Amino acid sequence: DRLKESKVYMRALFDYIPLEDKATPCQEAGLPFKRGDILQVVTQDDPTWWQAKRVGDSNLRAGLIPSKQFQERRLAYRMKMGTLPNPKSPKKSLCKPLVFCFFFLPICGLTVAGLRRSFRLSRKDRQGSSGEGSDPGEPEFLTYEEVTRYQQRPNERPRLVVLIGSLGARINELKQRVIAENPHRYAVAVPHTTRPKKPHEKDGVEYHFVTKQQFDADVLNNKFIEHGEYKENQYGTSIEAIRSVQAKNKMCIVDVQPEALKRLRTSEFKPYVIFVKPRGGEHGRVTVRHVSLSNLQEMRQSAIQIDQQYGHLVDRVLIKEDSASACAELRGILERLERESFWVPISWVR
Ligand code: 5GP
C-alpha cells in the first residue's frame, strides 16, 4: 500500500539530534533533521523507529527517526513530568564512521523491541495527538505533519499569502508596495471598520463601513480572521473579504497577527506563510544603524517568540534588509508560488 511505496513525506515540526537522544537504539544510525525539513519516510514497519531520508539530501541512505507515535508519547511523558522538551546538553560523538552504523542498522533493530518495552507508557499518558484539528484545550505535540507536493493549477483559486512580522518588520508597507506594483494580480482583503467614511473614500474600496452593532454581530458570528480597536474604532478582516479577492482570480495578501494562522490554515485557502523579520531582529551579531540597543533587543525577542510559537506554521522566512530588497524578494516568492510546486499538508489536497 501507500507506505510500502515509501511515498510518505513528513514535514518535521521539531529539531532532532540523534547524538542527544538517549532512547535511540543506535545514535550513529539516526538521521539528524531540523524543524521544517521534509523527510521521506521509507519504512514505518517499526512503531517506534521509522527509517527516513531528508528530501534534497545527497545521502541516499535512510537513517532512524523517532516515529510520530513515539515522539508524541515522550513529549506527553515530559509534559507530565514537568520537564520541558529541551535538547540535552550536547554529548561527545562516538565518532564511528557512518558506514559502520549502517552495517549495524539491522542489529540495532533487534534492540528496538527491548527499548520499547523499557519505555512503554500507559495509554492514559498519551494525551491527544499532534497538530491541526485537535481540541483547543488539548496539548499540541509538534512532531511531524504529513505533506505532499502541490502546484496550483490555472483554473484553481490562487493561494492565500499570509505575512506575519516581528516587531519592526512593517509588513503592511511591504504588502501595499507589492500590490501597488501589480494591482491586477495581487490584492488586499478589504477590511471592515466602524469609523466614519472620509469624503474621498468609497464603501467596499478602502473599507467596508459598518455600524458598531453590525461589527459586533460579525465578531460573534466568527466572520473575522482578526479584529482590533484603533482610536475607539473597530477594524477587522473577514473571511468573506479574502474569498472575494480570490473569486476575482487574484492572489490575496493579508498581514495578520500570528494567532490568526490557525484559522487560516485550511484546504480552502492553502495559505503560504511568510515570516518577515527585520535585519537585526534575528539571532546573531548584527550591527544596525538607527536602532537603539533596547529596540534591537525587543525586535529580537519578538522574533524569537513568534518563531517558538508559530515557526512550525511558517513556509518561508524573509529577512528584511531594507524595503526595496524585501519587496523584490517578496515579488520573487509570489511569482514562484504561481508556477512551482510546494509542500502542503496532505489533508489540503485529499
Ligand atoms: P485608518 O482609519 O486611518 O484608515 O486606519 C487606522 C489604523 O486602523 C491602521 O493604522 C491600523 O492600525 C488599523 N487597521 C486598519 N485596518 C485594519 C484591519 O483590518 N485590522 C485591524 N486589526 N486594524 C486595522
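FYI, it's all coordinate maths here, none of it is from the lab. Predicted model, so just to flag it, every value in this text is computed and none were measured. Cβ atoms come from the backbone with ideal geometry, glycine included; neighbour counts cover every protein chain shown.
In table form, for the structure just shown:
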quantity: Burial order of peptide ranges 68-78, 203-213 (average beta-carbon count within 10 Å, highest first); calculated: 68-78, 203-213
quantity: Most to least packed among 325-333, 225-233 [average Cβ atoms within 10 Å]; calculated: 325-333, 225-233
quantity: Cα gyration tensor category, rounded, prolate or oblate, for segment 224-273 with a/c compared to 1.5; calculated: oblate
quantity: Over segment 189-247, relative contact order from alpha-carbon pairs under 8 Å, at least 6 apart, %; calculated: 41 percent
quantity: Spin-label pair Lys202/Arg243, simplified geometry with 7 Å Cα→Cβ offset, distance in nm; calculated: 2.4 nm
quantity: Mean Cβ neighbour count within 10 Å, used as a protection proxy, ranking 236-242, 264-270 highest first; calculated: 236-242, 264-270
quantity: Fewest-first ranking of Ile274, Ile38, using other Cβ atoms within 10 Å as the exposure measure; calculated: Ile38, Ile274
quantity: Karplus-derived 3J(HN,Hα), 6.51/-1.76/1.60, for each residue of segment 35-50, Hz, glycine and proline x; calculated: 3, x, 5, 9, 10, 8, 8, 7, 9, 10, 4, 8, x, 9, 10, 8
quantity: Cα lying deepest toward the dipole's positive end in segment 189-247, options Thr211, His200, Ala247, charges on Cβ; calculated: His200
quantity: Computed lengthening from Leu220 to Ile304, 0.36 nm per intervening residue step minus Cα-Cα distance; calculated: 27.0 nm
quantity: Percent of beta bridges antiparallel (DSSP, segment 189-247, rounded to nearest 5); calculated: 75 percent
quantity: Lys, Arg +1 and Asp, Glu -1 on Cβ, resulting dipole of segment 1-71 about Cα centre, debye, nearest 20; calculated: 240 debye
